[in-house]
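Peer 1: First the structure, which I've put down as structure tokens, then a few questions once you've had a look.
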Amino acid sequence: MKKKRRKNRIIASIFAIFLLVAGYFSFVYQAPKENTKTVTIGVVGQTKEDAKIWDSVAKAAKAKYGITIKIKNFTDYNQPNKALLNGDIDLNAFQHFAFLDAWNKANKANVVSIGKTIIAPIRLYSLKYKSIKSLPEGATIAVPNDASNESRALYVLKNAGLIKLKSGKKIVSVADITSNPKKLQIKEVAADQAGRIIKSVDAAVVNNSYAAPAGLGDKQTIYVEPVNKDSEQWINLIAARNSDKNKQIYLDVVKAYQTKKTKELVKKYYGNTELTGWDIKIK
């Protein structure tokens, strides 16, 4: 009987030790939880320079906020907003306010901006004239023919003092020109053709992505788009789902982007062709 009791005590002791060990490993040495502070950001046509800037932002986000940033590169401008709404990405950073507004209306969506990034001012180029003032009466000026880019080009001509436009509209067309004192001939062409046909016109407003391939730079520039109320809609942004616009983790990503370091890198890699948009005073 004594042996049986002793055996039971030994078994009970072993079982108690087992419970203590199991509890120790369960509550003290838990396996590290997977990092939930990861944010995937969609971009379009990322260049090597863009990648270096985002790498710097990712380091800042990790060091200051414990956030891991992953970049997903798209090739089509129609993809990132859809991917955002589908939950395939958390944020995107590829579009300006005008594009976002038009996309939301066309798709009955409500993607929202949570912070500004950069603006790439477009330019009026000429191979024949050195200044705005030297453009002759009846000069032919080429502009992109798609709604968004044409509107932007016309605002460039307006701010250059060459034309006046109907007030109260964000997106304008040639039909909205209310004054054209030099009787300029506005030639609407495909955006990718504006730089190519510059030899056959007096001047052309050319998108930045097409200017360099056409051999256009500072030397051929006769006017640079100013950053003001007219061009504010062309500032690029970081976008989120409306339901996520106040999430601190996403607002911290914006803070990690909007830094002095990012400003320095934009200047280093893009010179005067890009400007940081969050710290510009709009006049």
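Peer 1: Of everything in region 179-199, what is part of a helix (DSSP H, G or I) and open to solvent by 80 Å² or more (accessible area, probe 1.4 Å)? Give them in sequence order.
Peer 2: The answer is K199, and nothing else.
Peer 1: Another question about this same structure. Which condition number does V156 fail, the rest of (1) under 17 Å from T221 (Cβ atoms); (2) among the hydrophobic types (A, V, I, L, M, F, W, C); (3) open to solvent by 30 Å² or more (accessible area, probe 1.4 Å); (4) not in a loop (DSSP other than H, G, I, E, B) being met?
Peer 2: Only one criterion is unmet by V156, namely (3).
This table checks each residue for (1) within 18 Å of L91 (Cα to Cα); (2) surrounded by fewer than 17 Cβ atoms within 10 Å (Cβ to Cβ).
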position: A239; (1), (2): yes, no
position: K247; (1), (2): yes, yes
position: Y250; (1), (2): yes, no
position: V254; (1), (2): yes, no
position: T259; (1), (2): no, yes
position: V266; (1), (2): no, no
position: D279; (1), (2): no, yes
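Peer 1: Please find, among G45, G66, the residue that is small (G, A, S), within 16 Å of the chain's Cα centre (by Cα) and open to solvent by 20 Å² or more (accessible area, probe 1.4 Å).
Peer 2: The match here is G45.
Peer 1: Same structure again: Only residues that are at pLDDT 95 or above and among the hydroxyl-bearing types (S, T, Y): list them for region 135-150, please.
Peer 2: Residue satisfying the conditions is T140 alone.
Peer 1: Look through region 205-223, keep the residues that are closer than 19 Å to W234 by Cα and outside any helix (DSSP H, G or I), and return whichever of them is most open to solvent (accessible area, probe 1.4 Å).
Peer 2: Per the criteria, the residue is Y223.
Peer 1: Within region 153-169, how many residues turn out to be of a type outside the set (D, E, K, R) and in contact (Cβ under 8 Å) with a residue 40 or more places away in the chain?
Peer 2: So the count comes out to 6.
Peer 1: Further question: Is one or more of the residues making up region 162-171 modelled with pLDDT under 95, of a type outside the set (G, A, S) and either in contact with a Leu (Cβ under 6 Å, 6 or more places away or on another chain) or over 25 Å from Q193 (Cα atoms) (or both)?
Peer 2: Yes; the residues of region 162-171 include at least one that is modelled with pLDDT under 95, of a type outside the set (G, A, S) and either in contact with a Leu (Cβ under 6 Å, 6 or more places away or on another chain) or over 25 Å from Q193 (Cα atoms) (or both).
Peer 1: Another question about this same structure. Quick check: is even one residue across region 186-203 basic (K, R) and touching a Leu at 6+ places or on another chain (Cβ under 7 Å)?
Peer 2: yes
Peer 1: Oh, and also: For region 90-136, give me the residue count where each residue is of a type in the set (S, T, Y), crowded, with 22+ Cβ neighbours inside 10 Å and in contact with an Asp or Glu (Cβ under 8 Å, 6 or more places away or on another chain).
Peer 2: 1
Residues checked against (1) without any contact (Cβ under 8 Å) to a residue 60 or more places away in the chain; (2) not small (G, A, S):
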site	(1), (2)
K187	yes, yes
G195	no, no
A203	no, no
A211	no, no
G217	yes, no
Q248	yes, yes
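Peer 1: Working only within region 167-178, note down all residues that are closer than 18 Å to A98 by Cα and open to solvent by 60 Å² or more (accessible area, probe 1.4 Å).
Peer 2: Listed by number, the residues that qualify are S167, G168, K169, K170, I171.
Peer 1: Looking at region 133-154, which of its residues are more than 17 Å from Y77 (Cβ to Cβ) and aliphatic (A, V, I, L, M)?
Peer 2: Selection gives L135, A139, I141, A142, V143, A153, L154.
Peer 1: Are any residues in region 180-223 modelled with pLDDT under 95, among the hydroxyl-bearing types (S, T, Y) and either farther than 12 Å from Y125 by Cβ or not assigned by the TED database to the domain that holds G138 (or both), and if so, which ones?
Peer 2: S209
The values are calculated or read from the model by the stated rules, or taken from the named source; none is laboratory data. Worth saying up front: this structure is predicted, and the values here are computed from it rather than measured. All Cβ positions, glycine included, derive from the backbone under ideal geometry; neighbour counts span all protein chains shown. Quick note on the areas: whole protein, heavy atoms, side chains included, nothing else; ligands and nucleic acids left out. Shrake-Rupley method; radii C 1.70, N 1.55, O 1.52, S 1.80 Å.
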